[in-house]
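Here's the structure, in structure tokens; my notes come after.
The values are calculated or read from the model by the stated rules, or taken from the named source; none is laboratory data. All figures in this text were calculated on a predicted structure; none of them were measured in a lab. Don't worry about glycine lacking a Cβ; one is built from the backbone with ideal geometry, like all the others, and counts go over all protein chains shown. Just the protein is used for accessible areas: all its heavy atoms, side chains included, with ligands, DNA and RNA removed. Shrake-Rupley method; radii C 1.70, N 1.55, O 1.52, S 1.80 Å.
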Amino acid sequence: QVQLVESGGGLVQAGGSLGLSCVATGTINSIYNMGWYRQAPGKERELIAAMVTGGSAHYADSVKGRFTISRDNAKNAVYLEMTSLKSEDTGVYYCNAAIATNSFFGMDYWGKGTLVTVSS
């Protein structure tokens, strides 16, 4: 069974930094895209950062210049380094990946989420 497991969430003061990690486990042939979504309180889940297999990255305007996404394809992992954190960065961060298995190609998987709380 393919699962995405996030870690690294917690409480951080505004202006601080925090790193998130996500590792995909299970029988995996390929991971096409990996990324991070955020669901802030009372808001819809939105794409924060994503990276294709080739390394091209996309960032939401709200985090551009502050967050950095990276991947370690050998470890089936994606990371998100967050700096200059703001209160509005508070939310549950979800790892997302499009994964091909032995039976299915390009299925969408989600982690359970990790909570990031930025205090003023």
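Things to note:
- Using a probe of 1.4 angstrom and keeping all protein chains present, the accessible surface of the chain works out to 53 square angstrom per residue.
- Over the range 11-66: Kirkwood hydrodynamic radius from C-alpha pairwise inverse distances, Å: 13.5
- Rel. contact order, % - alpha carbon contacts under 8 angstrom, at least six apart, the chain: 36
- Nearby lysines by direct alpha-carbon distance to residue 75 (threshold 29 angstrom, same-chain neighbours under 8 apart not counted): 64, 112
- Label zone at residue 74 (point 7 Å along Cα-to-Cβ), backbone N below 16 Å, the range 8-44: none
- In the range 1-89, the chymotrypsin sites (Phe, Trp or Tyr not before Pro) that fall in loop regions by DSSP, at most 12 other Cβ within 10 Å: none
- Hydrodynamic analysis of the range 8-114 uses the Kirkwood radius over alpha carbon pairs. Inserted into Stokes-Einstein at 20 °C and 1.002 mPa s, it gives a translational diffusion coefficient of 152 µm²/s.
- GNM top mover of 19, 106, 54 - the chain, alpha-carbon springs below 10 Å: 54
- Just the protein heavy atoms count here, and of the accessible area of the chain at 1.4 Å, carbon and sulfur take up 50 percent.
- Label-point separation in nm, residue 46 to residue 110, each point 7 Å along Cα→Cβ: 1.7
- Annotation note: trypsin sites (Lys or Arg not before Pro) in the range 64-96 located in DSSP loop regions with a Cβ neighbour count of at most 14 within 10 Å are 64, 86.
- Note on the range 70-116: the alpha carbon radius of gyration divided by the globular reference 2.2 N^0.38 Å gives 1.43.
- Mean Cβ neighbour count within 10 Å, used as a protection proxy, ranking 39-48, 95-104 highest first: 95-104, 39-48
- Taking the centroid of alpha carbons for each part, the range 73-120 and the range 15-45 are 1 Å apart.
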